[in-house]
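Trainee: The structure under discussion is supplied below as structure tokens; questions concerning it will follow.
The values are calculated or read from the model by the stated rules, or taken from the named source; none is laboratory data. Fair warning: this is a prediction, and the values are worked out from it, not measured in the lab. Methodologically, a virtual Cβ is constructed for each residue, glycine included, from the backbone with ideal geometry; neighbour enumeration extends over all protein chains shown. To get the accessible areas, we keep the full protein, side chains included, count just its heavy atoms, and leave off ligands, DNA and RNA. Shrake-Rupley method; radii C 1.70, N 1.55, O 1.52, S 1.80 Å.
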Amino acid sequence: MDEVTGAQLIAEALKTQNVEFMFGVVGVPIIEVAMAAQAAGVKYVGMRNEQAACYAASAVGYLTGRPAVCLVVSGPGLIHALGGMANANMNCWPVLVIGGSSDRNQETTGAFQEFPQVEACRLYSKFSARPSSLSAIPSVIEKAVRSSIYGRPGACYVDIPGDMVNARVERNRVREVSCCPPPPVSLAEVSAVTQALNVLKTAKCPLLIIGKGAAYGRAEAGLRELVELSGLPFLPTPMGKGVLPDNHPQCVAAARSRALLQADVVVLLGARLNWMLHFGFPPRFSPNVKVIQVDLCPEEMGNNVRPVAALLGDIRAIVTQQLLEILRADQWRYPSDTAWWSTLREKMASNAKISKTLAAQSAVPMNYYTVFHHMARLLPTDCVIVSEGANTMDIGRTMIHNYLPRHRLDAGTFGTMGVGLGFAIAAAMLERDKQTPQRVVCVEGDSAFGFSGMEVETMCRYKLPVIIIVINNNGIYSGLDSDTWREMERAGDMTTLAPPVTLLPDARYEEVMTAFGGGGFLVRTPEELRSALQESLNNTHTPSLINVLIEPSSDRKQQEFPWLTRSNL
Ligand code: ADP
Ligand code: MG
């Protein structure tokens, strides 16, 4: 009699669904699931915390379009993973979380790590279910994988009671389920496309906004042709960066505020009018702005601003098979000598000048601009940039260019701090298997690094040559210098005296890396930074951490609008 265990069924179903990676933290009752996955040819990456494991799995989903698994134990293990599920769901990234749970015959008894897991996951996922029997496992896994990538991508959860893991069933009683194909592709309504182009052609100050939906939807080739054929200015969102290179002559990122404020027609290409785009409201946008939306989620249409045209469907298909077809036939082009282009170019030039002045400051400790200026000159143009931390991420985004799609991962829609190391591990795992692996550079604030700092051990264990650069200002937003800190310590109790934003001054984060055999560098000057970065880039078999001590009060340059402004109109 040919029998299989629950663990084997899960592993085989994942393999059938083309799941390549499983990130997790094992324990009772799911150790056998990880072992069976390895036996079936799914790569298992053991992480140090479920949250980081889930961040890693979701980054694989974003980068490849196929979900990876986050494998967790019951109760607390699953609860730690909820942060990663929420982050993935907010970002519209596919991920499949598989959680062990307490045995079926112990339900409601106060069993070990018992928790209403299927219910708990509903708020953080598109689909949350438990197979009713061993023979249902392949179809539930197929449905979870399919739900994670069809429609708007997101997180899915499958619950596995502990007693199912080692239970056995005859193979011929299990219905085979084949691999779910990539999502079906749909095009926009023809009248919406016509309407969109009519509005666009009459615009005086048009603007294309390229979001991470365009990156996920692999629309880069079509979008480049659209941008170049139409002559329109474009603005990438943080993770839309690199869909077209940041140094493209039509990229107006350096005049972002001005472009948003004065545009009369905005085309949203896989981007949402949420807080990141200031809701599309005044004072950041013109009250009369006309919005054209391209998105595959019908419920997204009309969020905050009613669009003049809603192009519902797959962005790559809409761009290549609809918008480009018509533009080519019409031979329409937005002129390059308009007042709008002059405004944008002037603003870009003056903003570039301010950043350049800040970057050229020779004082030590360095400011953010100086650090990023030197980094940007050494980083390979094809590297994957992972970034988080408030100032580190915001200033770094403007100073470090991306040249390739899906090469920037950051705190994202949910503004989650702690994602960096998990994302970097995922990206490095994918690169490791390529013929010419690209480098993964993780640019972290010191606070952001702390959220999942122990994943440095994971990087060392798998010999992933990630370069972590900690931009260390001794705190959250800003910190204190060590003299002030010590004076405060002498004056009294730090629980009442130390500003809540502060962290230990001059903390030696690089020693976390050397503790596990990776390279560690403490740098204060531009020369030290350059030499540490060069040495780290030369080392292609182990991770490095460069701890950059910067001026604790270094800040962003003066901004035109305070963060998150919103009118009450
Ligand atoms: P950003 O943060 O860059 O603005 P968001 O995550 O807010 O990006 O928005 C991405 C949007 O892209 C989501 O509304 C999502 O539904 C949409 N999207 C994802 N994949 C596709 C696709 N293949 N085609 C069209 N829209 C997509
Ligand atoms: Mg900091």
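Trainee: If you check Arg218, Arg168, Arg224, which single one turns out to be in the same structural domain as Ile30 (by the TED database), out of contact with any Pro (no Cβ under 7 Å at 6 or more places or on another chain), open to solvent by 20 Å² or more (accessible area, probe 1.4 Å) and not β-branched (Val, Ile, Thr)?
Mentor: Working: Arg218 fails: in the same structural domain as Ile30 (by the TED database); Arg224 fails: in the same structural domain as Ile30 (by the TED database).
Answer to the check: Arg168.
Trainee: Mind listing whichever residues of segment 453-477 are open to solvent by 30 Å² or more (accessible area, probe 1.4 Å) and within 16 Å of ligand 2 (Cβ to nearest atom)? Quick ask: steps written out before the conclusion?
Mentor: First, the residues of segment 453-477 that are open to solvent by 30 Å² or more (accessible area, probe 1.4 Å): 454, 457, 461-463, 465, 476-477.
Scanning segment 453-477 gives Ile476, Tyr477.
Trainee: Looking only at segment 258-299, filter to residues that are within 22 Å of Glu220 (Cα to Cα) and among the charged types (D, E, K, R); which one of those is surrounded by the fewest Cβ atoms within 10 Å (Cβ to Cβ)?
Mentor: The extreme case among them is Arg272.
Trainee: Run Phe372 past the list (1) closer than 25 Å to Val265 by Cβ; (2) buried (at least 19 other Cβ atoms within 10 Å of the Cβ) and report the number of the one that doesn't hold.
Mentor: In the conditions (1) closer than 25 Å to Val265 by Cβ; (2) buried (at least 19 other Cβ atoms within 10 Å of the Cβ), Phe372 misses (1) alone.
Trainee: Answer yes or no as to whether Thr416 is within 16 Å of ligand 1 (Cβ to nearest atom) and either over 24 Å from Arg524 (Cα atoms) or open to solvent by 10 Å² or more (accessible area, probe 1.4 Å) (or both). So that I can check it myself, show each step before the final result.
Mentor: On the way: within 16 Å of ligand 1 (Cβ to nearest atom): yes; either over 24 Å from Arg524 (Cα atoms) or open to solvent by 10 Å² or more (accessible area, probe 1.4 Å) (or both): yes.
Yes, satisfied.
Trainee: Continuing with the same structure: Examine segment 482-504 for a residue that is touching a residue at least 60 places away in the same chain (Cβ under 8 Å) and more than 16 Å from ligand 1 (Cβ to nearest atom), and state whether such a residue exists.
Mentor: Filtering segment 482-504 for residues touching a residue at least 60 places away in the same chain (Cβ under 8 Å) gives none.
Within segment 482-504, not a single residue is touching a residue at least 60 places away in the same chain (Cβ under 8 Å) and more than 16 Å from ligand 1 (Cβ to nearest atom).
Trainee: Being within 19 Å of Ser452 (Cβ to Cβ) and among the β-branched types (Val, Ile, Thr) is the filter here; which residues of segment 390-412 pass it?
Mentor: If the condition is that a residue be within 19 Å of Ser452 (Cβ to Cβ) and among the β-branched types (Val, Ile, Thr), then Thr392 is the only one that fits.
Trainee: How many of the residues making up segment 25-60 are in a strand (DSSP E or B) and open to solvent by less than 20 Å² (accessible area, probe 1.4 Å)? Give the steps one after another, and end with the answer.
Mentor: Filtering segment 25-60 down to residues in a strand (DSSP E or B) leaves 43-46.
Filter again for open to solvent by less than 20 Å² (accessible area, probe 1.4 Å), leaving 45-46.
Qualifying residue count, segment 25-60: 2.
Trainee: With the checklist (1) open to solvent by 40 Å² or more (accessible area, probe 1.4 Å); (2) away from ligand 2 (no atom under 16 Å from the Cβ); (3) acidic (Asp, Glu) in hand, flag the one item Asp481 doesn't pass.
Mentor: Every listed condition holds for Asp481 apart from (2).
Trainee: Further, regarding this structure: Pick from segment 375-401 the residues that are of a type in the set (Val, Ile, Thr) and open to solvent by 30 Å² or more (accessible area, probe 1.4 Å): which of them is farthest from ligand 2 (Cβ to nearest atom)? Can you show your working first?
Mentor: As a first pass, look at segment 375-401 and keep what is of a type in the set (Val, Ile, Thr): 381, 384-386, 392, 395, 398, 400.
Checking which are open to solvent by 30 Å² or more (accessible area, probe 1.4 Å) leaves us with 381, 398.
On the way: Thr381: 27, Thr398: 18 Å.
Restricting to residues being of a type in the set (Val, Ile, Thr) and open to solvent by 30 Å² or more (accessible area, probe 1.4 Å), the top hit is Thr381.
Trainee: Let me ask something additional. Could you list, in sequence order, the residues of segment 309-333 that are surrounded by 18 or more Cβ atoms within 10 Å (Cβ to Cβ) and either more than 16 Å from ligand 1 (Cβ to nearest atom) or basic (Lys, Arg) (or both)?
Mentor: Arg316, Leu327
Trainee: Could you count how many residues in segment 340-354 are modelled with pLDDT of 95 or more and open to solvent by 80 Å² or more (accessible area, probe 1.4 Å)?
Mentor: 2
Trainee: Hey, another quick one. If Phe449 satisfies all but one of (1) of a type outside the set (Val, Ile, Thr); (2) buried (at least 24 other Cβ atoms within 10 Å of the Cβ); (3) closer than 30 Å to Lys353 by Cα; (4) within 16 Å of ligand 2 (Cβ to nearest atom), what's the number of the condition it fails?
Mentor: The failed condition is (3).
Trainee: Report the residue count in segment 82-110 for those that are surrounded by fewer than 17 Cβ atoms within 10 Å (Cβ to Cβ) and of a type in the set (Gly, Ala, Ser). Let's see the steps before the verdict.
Mentor: In the first step, residues of segment 82-110 are kept if they are surrounded by fewer than 17 Cβ atoms within 10 Å (Cβ to Cβ); the result is 104-110.
When the remaining residues are screened for being of a type in the set (Gly, Ala, Ser), the result is 110.
Of the residues in that region, 1 qualify.
Trainee: Taking the criterion of being of a type in the set (S, T, N, Q), under 26 Å from Glu560 (Cα atoms) and free of Cβ contacts under 8 Å to residues at least 60 places away in the same chain, would at least one residue in segment 224-238 satisfy it? Explain how you work it out, then say what you get.
Mentor: Just the residues of segment 224-238 that are of a type in the set (S, T, N, Q), to begin with: 230, 237.
With under 26 Å from Glu560 (Cα atoms) added as a condition, the list becomes 237.
Now restrict to residues that are free of Cβ contacts under 8 Å to residues at least 60 places away in the same chain: 237.
Yes: segment 224-238 contains one or more residues that are of a type in the set (S, T, N, Q), under 26 Å from Glu560 (Cα atoms) and free of Cβ contacts under 8 Å to residues at least 60 places away in the same chain.
Trainee: Would you call Gly302 buried (at least 18 other Cβ atoms within 10 Å of the Cβ) and either more than 12 Å from ligand 1 (Cβ to nearest atom) or not hydroxyl-bearing (Ser, Thr, Tyr) (or both)?
Mentor: On the way: buried (at least 18 other Cβ atoms within 10 Å of the Cβ): no; either more than 12 Å from ligand 1 (Cβ to nearest atom) or not hydroxyl-bearing (Ser, Thr, Tyr) (or both): yes.
So Gly302 does not fit the description; no.
Trainee: On to the next question. Is it the case that segment 56-68 has a residue that's under 15 Å from Asp159 (Cα atoms) and touching a helix residue (DSSP H, G or I) at 6+ places or on another chain (Cβ under 6 Å)? Step through it out loud before you land on a result.
Mentor: Initial filter on segment 56-68 (under 15 Å from Asp159 (Cα atoms)): none.
No, segment 56-68 has no match at all.
Trainee: Additional query: Select from segment 152-199 the residues that are within 22 Å of Gly75 (Cα to Cα) and assigned to a helix (DSSP H, G or I) and list them in ascending order.
Mentor: Gly162, Asp163, Met164, Val165, Asn166
Trainee: Any idea which of (1) at pLDDT 95 or above; (2) in a loop (DSSP other than H, G, I, E, B); (3) surrounded by 15 or more Cβ atoms within 10 Å (Cβ to Cβ) is the one Thr540 doesn't satisfy?
Mentor: Exception for Thr540: condition (3).
Trainee: Checking Gly519 against (1) of a type in the set (Gly, Ala, Ser); (2) in contact (Cβ under 8 Å) with a residue 24 or more places away in the chain; (3) exposed (fewer than 12 other Cβ atoms within 10 Å of the Cβ), which test does it fail?
Mentor: Result: Gly519 fails condition (3) only.
Trainee: Between residues in segment 152-167 that are aliphatic (A, V, I, L, M) and residues that are modelled with pLDDT under 95, which pairs lie under 8 Å by C-beta distance while being six or more apart or on different chains?
Mentor: Final answer for the pair search is Ile160/Pro29; Met164/Arg104; Val165/Pro29.
Trainee: Is it true that some residue in segment 9-24 is open to solvent by less than 20 Å² (accessible area, probe 1.4 Å) and hydroxyl-bearing (Ser, Thr, Tyr)?
Mentor: Narrowing segment 9-24 to residues open to solvent by less than 20 Å² (accessible area, probe 1.4 Å): 9-11, 13-14, 17, 19, 21-24.
With hydroxyl-bearing (Ser, Thr, Tyr) added as a condition, the list becomes none.
Taking every residue of segment 9-24 in turn, none turns out to be open to solvent by less than 20 Å² (accessible area, probe 1.4 Å) and hydroxyl-bearing (Ser, Thr, Tyr).
Trainee: Right, here's the next one. Have a look at Leu404, Leu409, Leu421 and point out the one that is open to solvent by 20 Å² or more (accessible area, probe 1.4 Å) and either within 12 Å of ligand 2 (Cβ to nearest atom) or at pLDDT 95 or above (or both). Steps first, please.
Mentor: Working: Leu409 fails: open to solvent by 20 Å² or more (accessible area, probe 1.4 Å); Leu421 fails: open to solvent by 20 Å² or more (accessible area, probe 1.4 Å).
None of the others qualify; the one that does is Leu404.
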